[in-house]
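Values in this text are rule-based calculations from the coordinates and carry no lab data. Remember, predicted model here, so these are calculated numbers, not experimental data. Using ideal geometry, Cβ is built from the backbone for each residue, glycine included, and neighbour counts are taken over all protein chains shown.
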Amino acid sequence: MLPSISLAQEIGLAVLLVAAIVSFTGLRHLRGDARFPHAEPAAAESLPMIPSQRGSAGHPMESVELTEAEKQAFAGLIRTIPLH
């Protein structure tokens, strides 16, 4: 016990010290994992998971027909986007 500080301050100091040690250990563990990076799969290996494109037509459920009013509203919206 330190004679110049209260018991509550000593408890707070001990909790702070334990928290610092735990966080330092955790960060050290994370940095240790970074030293040995895991091998990433090659791009060619992951591409078969992506479905192939069906062409410009696409699936009927993936497109909708817009009314003339919707097309004009969309065109107006696009014109309001600044190009700078």
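Projected label points at residue 7 and residue 68, each 7 Å from Cα along the beta carbon direction, are separated by 8.7 nanometres. In this calculation the C-beta distance from residue 22 to residue 77 is compared with R0 = 41 Å, giving a FRET efficiency of 0.20. Spin-label pair residue 15-residue 30: with each label point 7 Å from Cα along the Cα-Cβ axis, the two points sit 2.3 nm from one another.
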